[in-house]
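Below is one structure; the comments refer to it alone.
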Amino acid sequence: MKPATFVLFGATGDLAKRKIYPALYQLFVDQKLPSSFSLIGLGRRELSHETFQSNVEQSLLNFSRSEVKDAAVIKKFLRAFRYQVLDVERKEDYTKLLRVVEEREEELNITPNRMFYLSVGPEFFETIATNIHESGLGSVDGWKRLVIEKPFGHDLESARHLNQKLNQAFDETEIYRIDHYLGKPMVQQMGQLLHSALSEQELRSRSMASIQISANETLGVEERAGYYDHAGAIRDMFQNHMLQLLMMLTIELPNRSSVEEVGPLKRKIIKSLQPLHKMDVKHHIVRGQYGAGEIKEGQVVGYTNEPGIASDSQNDTFIAARLQSNDPFWKDIPLYIRTGKRLKEKVTRIVIEFKLEGPLKDLLIIEIGPNEGIFFQKSQSVQEHSEGELPIRNQVSFLKEGVTDAYESLIYDALMGDKTYFAHWDEVELSWEWVQPILEAYQENLLPLHIYPAGSFGPLEADELLARDGFHWWFDNKNASNDEATQGNVPTYHYNT
Ligand code: NAD
């Protein structure tokens, strides 16, 4: 791996503390960082290098997945960290930053390879990219890369505008858009796992009846009211994570691992989705918002009574969608997606239902979180799950041994220059294109906002969406106690050959 300077905007923020520093530390311990590595943390507050280093150490103590106890290792790791004051709007701060970066590169005698990680609000992306360009920070003999976190735009037009601005400073090959779902080992391997669980021939001959993708959260809006009330489930989850999951599941062939191969396959899938017209959105989409209800922790307030949310907010905290692809392999298989907050169970799960005569069904279940596993469940009665059998989990082998955290995987890939598991602009644009009529339908109030009780599985209309086609959401264990349901991985899966 080439030596690199990691320039971190938002170095005092939540994401840096909870995810970025622990991931870098783990990579360091696993000897997956460049031998000459330097990090320059940026923030508005005045901090000494020592205070910054000790803040980073504290975040490792709080959030690292491996024990942080060897003082010599920590010291060696923290030696790479420097702090610099920068206000994203102040041009002179970028000139000062350039000097600091160059000094460090000289000190370490390394070629300028610079990774600019924007762990700040999306409203700053354009300004920072422009200033990197204009200050000369982006003029390097080695490589330069820009890492940004979703959201990439607010709708199709704003996403295009942002991308155009970013492209004035970085070309597409240099932009790494993090969708952390793509960093999850299970998501990266989904194509292969699907085909190792069932051979290609078997997949075709069994003939899939439907696919369901659920990402259910038990949490409410928490402290993110300002952002979430303008985003909703559709922008926060659906346009990015959920459509990425769909793409990763449906890219046809196993053993695809380079960006050149995965990218076009993903684009083919998203392009194959039948477009919606805003007047028809109501037939394909269910929009919901949580009301008061009961979850594991007890009674909780409804969305519009949450701190920072307007009492008349029409924002969506739940979306269920029925999609249809024109791709020859997937056509005629309804694709159902749902995601929401304050639901009964915390789980991210894909269920593939196979066509069988009569009431018995074969299911292929891919659990992405909180546990990971892939299961084949044979001849499951539509009405009830059979009792008494122990769940059997297939062993999941990880592509990158020892890497289990999405941020470790993605930061490592970005340092290596491997863009396979980052969102390409074409995918982002195509996703916004598909979602845009839904945003317009929401805006023009062309479909109702259904209030569902916190601690439920969402609005009943989401059940009706599937019932119309003769399906139901699998494993909505409506009778489970809240304690059972929130643990995830509730259903009993049988591996029965
Ligand atoms: P945060 O509010 O905790 O931190 C933001 C950082 O930006 C702080 O370090 C702050 O000092 C800095 N900042 C703000 N205004 C600035 C200015 N004018 N000049 C210089 N620095 C400025 O936010 P966060 O939770 O760390 O999120 C950062 C980004 O990551 C956001 O885009 C968010 O959407 C995204 N994200 C966060 C999480 C998470 O778990 N926190 C998860 C996914 C994506």
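The values are calculated or read from the model by the stated rules, or taken from the named source; none is laboratory data. This structure is a prediction, so every number in the text was calculated from the model and none was measured. Please note: Cβ atoms are built from the backbone with ideal geometry, for glycine as well, and neighbour counts cover all protein chains shown. Quick note on the areas: whole protein, heavy atoms, side chains included, nothing else; ligands and nucleic acids left out. Shrake-Rupley method; radii C 1.70, N 1.55, O 1.52, S 1.80 Å.
Summary of computed values
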{"quantity": "Charge dipole (the chain, unit charges on Cβ, about Cα centre) - positive-most of Asn326, Phe125, Pro3", "calculated": "Pro3"}
{"quantity": "Glu102/Trp425 FRET efficiency (R0 25 Å; Cβ-Cβ; nearest 0.05)", "calculated": "0.25"}
{"quantity": "Residue pairs, from the table Lys331/Lys419; Lys150/Lys341; Lys2/Lys75, whose Cα atoms sit over 24 Å apart", "calculated": "Lys331/Lys419"}
{"quantity": "Debye intensity ratio I(q)/I(0), log10, the stretch 4-149, q values 0.11, 0.12, 0.20 Å⁻¹ (C-alpha model)", "calculated": "-0.38, -0.46, -1.31"}
{"quantity": "Two-decimal Rg to Rh for the chain - Kirkwood Rh, Cα set", "calculated": "0.97"}
{"quantity": "Separation between Cα centres of the stretch 34-107 and the stretch 135-175, rounded to whole Å", "calculated": "23 Å"}
{"quantity": "Angle in degrees between helix 125-135 and the longest Cα principal axis of the chain, rounded to the nearest 10", "calculated": "30 degrees"}
{"quantity": "Listed residues Arg65, Arg160, Arg145, Arg44 arranged by accessible area, highest first, probe 1.4 Å", "calculated": "Arg44, Arg65, Arg160, Arg145"}
{"quantity": "Share antiparallel - DSSP beta bridges, the chain, percent rounded to 5", "calculated": "50 percent"}
{"quantity": "Over the chain: helical MRE at 222 nm, DSSP H runs n ≥ 4 each giving -39500 (n - 2.57), nearest 500", "calculated": "-10500 deg cm²/dmol"}
{"quantity": "Share of pairwise Cα separations in the stretch 410-476, more than 14 Å, in percent", "calculated": "75 percent"}
{"quantity": "Residues of the chain: accessible area per residue with a 1.4 Å probe, Å²", "calculated": "43 Å²"}
{"quantity": "Partner aspartates and glutamates for Lys296 [C-alpha distance under 14 Å; skip if fewer than 8 residues away on the same chain]", "calculated": "Glu217, Glu345, Asp483, Glu484"}
{"quantity": "Three-way shape call for the stretch 241-326 based on the alpha-carbon gyration tensor, with the a/c threshold at 1.5", "calculated": "prolate"}
